[in-house]
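A quick write-up on the structure given underneath.
The values are calculated or read from the model by the stated rules, or taken from the named source; none is laboratory data. Remember, predicted model here, so these are calculated numbers, not experimental data. Cβ placement follows ideal geometry from the backbone for every residue including glycine, while neighbour counts extend to all protein chains displayed. In case anyone asks, the SASA skips ligands and DNA or RNA and just uses the protein heavy atoms, side chains included. Shrake-Rupley method; radii C 1.70, N 1.55, O 1.52, S 1.80 Å.
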Amino acid sequence: MPVGLFRVCVLVITAIVNHPLFFPKENGTVPENTEEIIQKMKEREESLRLEQLRLEQEIADQEATQKALEKAEVVVEESKEEKVRWDMWTALSMVIFLLIELWRQDFQEGNWQDTGGEEDDMAVLGKAFKGVAFPDKAVLASFYEKRILGTTADMARMREMVEGFADDLLEALRSVCNRDADMEVEDCVGVGSMYENWRVRKPFVCDLIVPFAPPEPYCFCCQTWCSGDSFPPDEQGYGTIKVCRADEDATGCICDKTKLGEDMLCLLHSQVSSTRPSSEMEDLLCFKNTQYLDADQVMKWFQIAVTKAWNRISHKYEFDLSFSLLDSPGALKIKFKSGKSIAFNLTPVVQYENSDVYFVSHFPRSSLAADIPSSTHWFLTFAVYERRFIQLVSKTLPANACHVSCLQILSFLHGKQCSLTGPSGLTNYHLKTVLLHLLQARPSQDWAPEKLEARLQDMLKFLEKCLHEKKLYHFFIGNGKVPAELGFPIIFQRAEPLNLFRPFVLRRDIYRKMVDTFHEMLRNMSALINEYTVHIPLAHTNGIRKE
C-alpha cells in the first residue's frame, strides 16, 4: 500500500512539473508531436493485439493437439484390450478345435478295424440299396453253381502247368546269367486271386513274384516310409532300396564322404574299393550316379534275361513265348499251335529283410501303383501275408464257408459292370480288402454257407460306407490285431493306417466314376445274376457246394 501511494505521488508531481502552463516557451513543440506519438501507440497496441491473438491461437492448437493425443491413446488402449480379448478367444477356439480333431482321429484309428462288427452301424447304411431288388438265397446258390463253381478245377490245372514252366524258365535264366556279376534269382512264389481260389473272370492269369538279390559282396539295404524318416503323403506305401557292400551299413563308410588325402588310407576299405565308378553302380541296376536300385533298369535286365533263358529251352516245348505287355517286364503269354494261349506274370521283387513283404517294381494290369513318384521308389506288397491270413481264418470257419463265395460273386459283378460302363478306380484288391476286414470283425459262425446273402450284403454296405467316407484302410498296415501266427513285421503294425482311397480324394473325376459304377452295379445286380441263372428247382435251397 505505501508503495502504491508513493507511485501516485510521483506521477502527480511529474504531471505538474511537465504541464505546458508552467513552461510555455521551452515546451512549444509538444503539440506538434502529439499525433505522431498517438499513431505509434496505436500501432504498438495493434501489434500487441495481433501477438495476443497469435498466442491464443497457439494455445488453442496445443490444447486441441493434446486432446487428440489423449483420445488416440484411449483408442489404442481399447484396441489393445480388444486385440488381447480376440487373441485369447482365437487361441481358445484353436485349442478346442485341435482337441476335437485329435479325439476324432484317435476314435477312428481305435475303431477302424471294428466297422463290420456292429449290426446298428450296418442298419444306418445301405442308402444306395433303396429300390434295389437283391437276389435271394436260391438264386445266389444257382448262380454260384452254374457260373463260378466250375472254374475251380480249371484254375488248379492252369496253376500246375504255369508253375512247372516258370520253374524251368527260371532255372534256364540262372544258367545264362553271370553268377559273379548278375543278379541272383530265387524261386518264384504264387500270389493273388489264382492262388487264393477266388478268381472268376477269364482269361485266367497267374501272378508269380520272383525275388532277386545282388551278387557278392553287395546286398540290398531297404528303407520304407514308416522306418522313421519323413516321407511325403504321396509316397506312403513305398520304399527305396540301396545297393551296399556287405561290409558296410546303409549309410556308408566315412571314407566315401570325406577326402582323406593322397597319403591316407581307410583301415576298412582298400584304395581300390573306396571308389565306385558310375558304370559299376549302373551294372548293379542303380539309378544314374546313385546307389538306389532303379525299377526301370530292373525291367530291362529282366526282359533280356528272360529272353535269353527262353532261347535256351525253347526247343523243348511246342509253343511260343512272348511278352504280352510292353510296360511290364514279366507279362508273358504262351501261344499254342492250336491258337489257344495262356497268360501269366513273372514280376521281379526284392525281399524286405527276412519277412515275406516284398518291394515290387511294377503292377501289371493294376492301378495300385499308377502314380509312382520315381523309378527309385518301390511299392510294397503284402500278398503273401494276405494269402496266409485267408488260409489261417479258413481253418476256423464252418465247412463250405461262404467267405470266398462272397468275394467271387462281388468280383464277377464288378467285372461285368466295368465291361458295360468302362473301368473305374475300384479294383478287385479293394474288394478283397473289404473281405479281409469283415473276416477279422465277424465271428466264425457268421460265415456259414446259408448266410451267403447276408454276408454279401455286408460287403456291399461296407464298401458303400468306405466310398462315402473316401476311406478304405489297408488291412495289414496299422492293424495291431494281426494274428501272431502269421509272423507279420511289427514295424508295419505300428505304422499309421494307410488309406487306399486317398488318391481319389484329390481326383474327383475318378472318384465320381467309381461311385457311379458302384451304384450302377447295384441296380444291375439282379439282371446280371439272372442272366447266368436257369430255372431253380424247389429243392435247390440247401446252400452252396464248394470244392
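Ligands, DNA and RNA aside, ASP320 has an accessible area near 100 Å² when probed at 1.4 Å. Percent of accessible area on segment 139-214 owned by carbon and sulfur, 1.4 Å probe? It is 45 percent, rounded to a whole number.
Modelled label positions at GLU36 and HIS315, each set 7 Å beyond Cα in the direction of Cβ, lie 15.0 nm from each other. Counted residue by residue at 0.36 nm each, then reduced by the alpha carbon distance between them, the extension gain from ALA213 to ARG512 reaches 103.4 nm. Residues in segment 294-306 carry Karplus couplings, in order, of 9, 5, 5, 5, 5, 4, 5, 4, 5, 5, 5, 5, 5 Hz; the curve used is 6.51 cos²θ - 1.76 cosθ + 1.60 with θ = phi - 60°, and Gly or Pro positions show x.
Could you work out the mean projected area of the convex hull around the alpha carbons of segment 402-521, in square nanometres to one decimal? Mind showing how you got there, number by number?
Values: hull surface 31.7 nm².
About 7.9 nm², averaged over all directions.
Split the accessible area of segment 369-477 by element, probe 1.4 Å, and carbon with sulfur accounts for 53%. Over every Cα atom in segment 458-506, the radius of gyration and the widest Cα-Cα span, Dmax, amount to 12.7, 38 Å. Among the lysines of segment 283-337, pairs that are 8 or more positions apart or on different chains and have alpha carbons within less than 25 Å of each other number 11.
Listed values for segment 375-387 are Karplus-derived 3J(HN,Hα) couplings in whole Hz (6.51 cos²θ - 1.76 cosθ + 1.60, θ = phi - 60°), namely 6, 8, 9, 10, 7, 9, 10, 10, 4, 5, 5, 5, 5, and x replaces Gly and Pro. In the assembled protein chains, ILE13 presents an accessible area of approximately 110 Å² (probe radius 1.4 Å). How far apart, in nm, are two points set 7 Å out from the Cα along the Cα-to-Cβ line at GLN493 and at ALA527? Between GLN493 and ALA527, the label points sit 4.8 nm apart.
Summarising the amide proton neighbourhood of VAL349: residues at separation of 5 or more, or on other chains, whose placed amide H is nearer than 5 Å comprise VAL210, PHE212.
Modelled spin labels at ILE304 and ALA156, positioned 7 Å past Cα toward Cβ, are 4.3 nm from each other.
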